[in-house]
Amino acid sequence: MQHEHQIHIFINKKKYEIHDPVQTGVSLKHLAGIPLNDVLFLQRPGEYEVIPNDIKITLKNGEHLHSQPPAD
């Protein structure tokens, strides 16, 4: 599927460009150099959604994600 333009997202406050809005937790972690065992969150209004490594999500332009080491 061809997309007309790039999508800008932010991971840990750093800007990245992706061509496909459908991404997995693993692909986003690879993009940002995040360890695979870290927890990735998608910032939604009023909440944070955990993005598991093997789940596909559709990102919108300008969305923000954050990672943190797993809780022990």
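Only the coordinates and a few stated rules stand behind these numbers; no lab work does. Every value quoted in this text rests on a predicted model; they were computed, and no experiment measured them. All Cβ positions, glycine included, derive from the backbone under ideal geometry; neighbour counts span all protein chains shown.
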(message) Taking 25 Å as R0, compute the FRET efficiency from the Cβ-Cβ separation of residue 41 and residue 5 and round it to 0.05.
(response) 0.45
(message) Report the per residue volume, in Å³, of the convex hull enclosing the C-alpha atoms of the chain.
(response) 88 Å³
(request) Please list 31-41, 45-55 highest first by mean number of surrounding beta-carbon atoms within 10 Å per residue. (result) 31-41, 45-55
(message) Suppose every Lys and Arg Cβ carries +1 and every Asp and Glu Cβ carries -1, with no other charges. What dipole size does the chain come out with about its Cα centre, to the nearest 20 debye?
(response) 180 debye
